[in-house]
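*Asks:* Okay, handing you the structure first.
Throughout, read-outs are computed from the coordinates displayed, never taken from laboratory work. If you're wondering where the values come from, they're calculated on a predicted model, not measured in any experiment. Glycine also receives a Cβ, built like all others from the backbone with ideal geometry; neighbour counts cover every protein chain displayed.
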2 protein chains.
Amino acid sequence: MQLRQSPVADRDVRSVVILGATGSIGRSTAEIIAGAGGAFRVEAIAGGRDPQALARLARELGAKFAALADPRGYAELKEALAGTSIEPAAGEEAVVAAALRPSDIVMGAIAGTAGVKPTFAALSAGRTVALANKECLVCAGAPFMHQAAASGTRLLPVDSEHNAIFQSMGEASLDTIEMITLTASGGPFWTWPSEAIAKATPKQALAHPNWSMGPKISVDSAGLMNKGLEVIEAHYLFGIEAARLDVIVHAQSVVHGLVAFTDGSVTAGLAAPDMKVPIAYCLSFPKRSATAARRLDLTTVGRLTFERPDFDRFPALRVAIAALRTGGGLPTVLNAANEIAVEAFLKRLISFYEIAQMVEQACNTALADGVAHEPESVADALAMDQAVRERSRFVLARQAASRARVQ
Amino acid sequence: MQLRQSPVADRDVRSVVILGATGSIGRSTAEIIAGAGGAFRVEAIAGGRDPQALARLARELGAKFAALADPRGYAELKEALAGTSIEPAAGEEAVVAAALRPSDIVMGAIAGTAGVKPTFAALSAGRTVALANKECLVCAGAPFMHQAAASGTRLLPVDSEHNAIFQSMGEASLDTIEMITLTASGGPFWTWPSEAIAKATPKQALAHPNWSMGPKISVDSAGLMNKGLEVIEAHYLFGIEAARLDVIVHAQSVVHGLVAFTDGSVTAGLAAPDMKVPIAYCLSFPKRSATAARRLDLTTVGRLTFERPDFDRFPALRVAIAALRTGGGLPTVLNAANEIAVEAFLKRLISFYEIAQMVEQACNTALADGVAHEPESVADALAMDQAVRERSRFVLARQAASRARVQ
């Protein structure tokens, strides 16, 4: 089948803002836009710390505005864009300004908590947001969904699991849904005994079998914490309670999500493990556009397996689901504590299982201290996030000191 | 999860006509209606030849009208319904009258060519038809789809494969669809070498691994002719050409159909192999109702396999797809010749592979004789069907005579 790349009428051209343009999702987004034969026009892009990469991408995409989060890179960005009509800017406010440029869709692909403010700004301005950032919903799910409803706009999930579920749900009303299931690949440790997982090194945790991802998300995947965070995201995104959210382990990463209805029907979203598929879906929603993304051939895959997750060997998933069931601000706490714990694991300060232990302890401490209320605003969520990070760092420092004393 | 069976407001009660009420699909339909807590009201039912079974069902369902196709059963039906307000009737016209009673949905579940006229009558009267009869679309696909368009009504597929595809497509436009895939269980002979299939007996052909069905459809399944007929149905139902229709063998019968989009996304329809699932879907469409149908648990199934079909060992599938690609009236010819051939196989007059051979020969003869035009009307299709049956019977008789002479 040939790609349909007939000339696009001006009024059909969709204008796009890409937040996190120099990251993995941002670059895939740029590739799809470049291959779409003029179906998209890039209004603005924003990147983190690399002025050269941002300038190159802005030129390639013909963006009107390029914002670098790191203010120190302004001069270099300006110089790299000299002689073009692309407007350079730098600093946190510049990224928010990029998010607010007029557009049909904003790709929210800034990694980590840094993505929360600019993505929220886009949503508040009524933009349709393709969401590739986990923290927006895990850290500040309630404020985000309230704002989406208030702005009368939609959050389109880029994550392959949520995208598959979104496509499988169609316009179904929630009361016809019996269960939403996210699949997990199981990660590199799925077949390991717990004794081996306990001793796992960062290098082993980073060797994901199906997806090539950054270190934070790779460690999250290895412990199934990533799936726990995704269950939390699904809760906010689809407005469905924890009891109707399930996880199954599916090593081949071909079926990404399933929706079981009250009549016994199940609809599933499948695709080859290629992020271009959900990105293209979100960019063109509610239409679809032809892509050169990898195609799924089930007869080549041959065999799909499905297993129940193991909460004993993968306690992080249990801890995340428990946080969602308890509710309030625990997802915010969980997310912040997990980032610090993963950082500590990557620096070899704590063992693999200590990640889940630290996170669980942070949740218990927040509950005991009565500081786990549901965040009322993004600012509230970010303040909670900050407090938990500081406390987690303090706990780590105290542990390190106590270990040093013992030795 | 509890079934939701709250009292149903009168205006929300859906009135149903069941054609083929005493058959397997009809009885499952009756079960769903009986368990739906008043969500449905049965206006009329029609059955074939069993007045007692029809009368019993009419009483149970509180139908207003009960029609028996066999006129000889009228007296017995009338007696069995004495003392009730259920109106009895018999004969072909009575079945059409049942189809035309006012209703929100007509379940078209009469087996074989007998289902064509009453189902077409319902469609012509603007009824929404849940279609469980293959012949309507294989024998008279073009007239049916023209009439559905002219009546501004919808054909809802009950067949599990088409139902899964219908659910997976949602409101997608055809130009966004790259491929529609129907799965086949492979039937009882999937793992057999061709030498063994050549000698297969009716008893062996009737031993289907996943579904319990009548003899005709079981033999069709054993040779994958059934999947070929379903590909033809899918062509008419979804208005999509043969090149975008694929078949894969999936022994577990859990994934029933898949829709691959031009952006690389694939949506699939899954369910436990229980016809109550698609029946319930059609009865409530576009809403959904809770059922007690079997639930699918992928972790219990554990493993799903997918293979390419083998056209050498299963020539019937090749013959059916070739008929669709040639088009015109060949699907009509194929369907009629196949019924006679299967009948002959079940009577042990011909071998298993002779089914596909006879069908292919009938298609070639029709082409050579220039009598394979696309049927212009249901009457035209039925006349073609009749002519092919007569010719096929003649061919069989001639063969039998020639074999007798040889012996």
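*Asks:* On the Cα set of the range B:257-317, report Rg and Dmax in Å, please.
*Replies:* 15.7, 43
*Asks:* Relative contact order for the range B:12-157: what is it in percent, counting Cα pairs under 8 Å that are at least 6 residues apart? The partial results should precede the final answer.
*Replies:* Details: 324 pairs, mean separation 31.5, N = 146.
Relative contact order comes out at 22 percent.
*Asks:* Another one. Using the scaling law 2.2 N^0.38 Å as the reference, what is the normalised Cα Rg of the range A:1-135?
*Replies:* Its radius of gyration relative to the 2.2 N^0.38 Å reference: 1.00.
*Asks:* Sticking with this one: Between the DSSP loop rule and a limit of at most 12 other Cβ atoms within 10 Å, which trypsin sites (Lys or Arg not before Pro) in the range A:33-64 are left? Could the numbers behind the result be given before it?
*Replies:* Working: sites: A:ARG41, A:ARG49, A:ARG56, A:ARG59, A:LYS64; in loops: A:ARG49, A:LYS64.
Loop-located and lightly packed - A:ARG49.
*Asks:* Within the protein assembly as shown, what percent of beta bridges assigned by DSSP are antiparallel, to the nearest 5?
*Replies:* Numbers: 30 of 90 bridges.
Counting only bridges with both partners in the protein assembly as shown, antiparallel ones make up about 35 percent.
*Asks:* Longest span of chain A, sites excluded, free of GluC sites (Glu not before Pro) in DSSP loop with at most 14 other C-beta atoms within 10 Å?
*Replies:* A:1-170
*Asks:* Express the C-alpha Rg of the protein assembly as shown as a ratio against the empirical globular expectation 2.2 N^0.38 Å, rounded to two decimals.
*Replies:* This ratio for the protein assembly as shown stands at 1.09.
*Asks:* So if each residue of separation counts as 0.36 nm, and I subtract the Cα-Cα distance between B:ALA243 and B:VAL371, what length gain in nm does that give?
*Replies:* Between B:ALA243 and B:VAL371, full extension yields 43.6 nm more.
*Asks:* Provide a whole-number value for the mean count of partner chain Cβ atoms within 10 Å of the Cβ atoms in peptide B:279-285.
*Replies:* So the per-residue partner count for this stretch is 2.
*Asks:* When the expected Rg is taken as 2.2 N^0.38 Å, what fraction or multiple of it is the alpha-carbon Rg of chain B? Mind dumping the intermediate values first?
*Replies:* Details: Rg = 21.2 Å, N = 407, 2.2 N^0.38 = 21.6 Å.
The reported ratio for this selection is 0.98.
*Asks:* Turning to a different aspect of this structure: Given contacts defined as C-alpha pairs under 8 Å and at least six residues apart, what's the relative contact order of the range B:233-299, whole-number percent?
*Replies:* For the range B:233-299, the relative contact order is 21 percent.
*Asks:* For A:THR299 and A:SER85 in one chain, what is 0.36 nm times their gap in residues minus the Cα-Cα distance, to one decimal in nm?
*Replies:* Values: separation 214, 0.36 × 214 = 77.04 nm, distance 4.98 nm.
Gain on stretching A:THR299 to A:SER85: 72.1 nm.
*Asks:* When the helix-only estimate is applied to chain B (DSSP H runs of n ≥ 4, each -39,500 (n - 2.57), divided by the residue count), what is the mean residue ellipticity at 222 nm, nearest 500 deg cm²/dmol?
*Replies:* My calculation for chain B gives -14500 deg cm²/dmol from helical runs alone.
*Asks:* Give the peptides B:262-269, B:284-291 in descending order of average Cβ contacts within 10 Å, highest first.
*Replies:* On the way: B:262-269: 25.0, B:284-291: 19.6.
Highest-to-lowest ranking by the protection proxy: B:262-269, B:284-291.
*Asks:* Quick check: the distance between the Cα centres of the range B:247-288 and the range B:317-388, to the nearest angstrom?
*Replies:* First find each Cα centre; the distance between them is then 28 Å.
*Asks:* Name the trypsin sites (Lys or Arg not before Pro) in the range B:306-407 that are in a loop by DSSP and that have at most 16 other C-beta atoms within 10 Å, would you?
*Replies:* Passing sites in the range B:306-407 are B:LYS347, B:ARG348.
*Asks:* Over chain B, what relative contact order in percent results from Cα pairs under 8 Å that are six or more residues apart?
*Replies:* Normalised by residue count, the contact order of chain B is 14 percent.
*Asks:* Using 0.36 nm times the number of residues separating B:ALA292 and B:THR201, minus their current alpha carbon distance, what extension gain do you get?
*Replies:* 29.1 nm
*Asks:* A follow-up question, please. Just to be sure I follow the rule: in chain B, considering lysines 8 or more places apart or on different chains, how many pairs have Cα atoms under 23 Å apart?
*Replies:* 20
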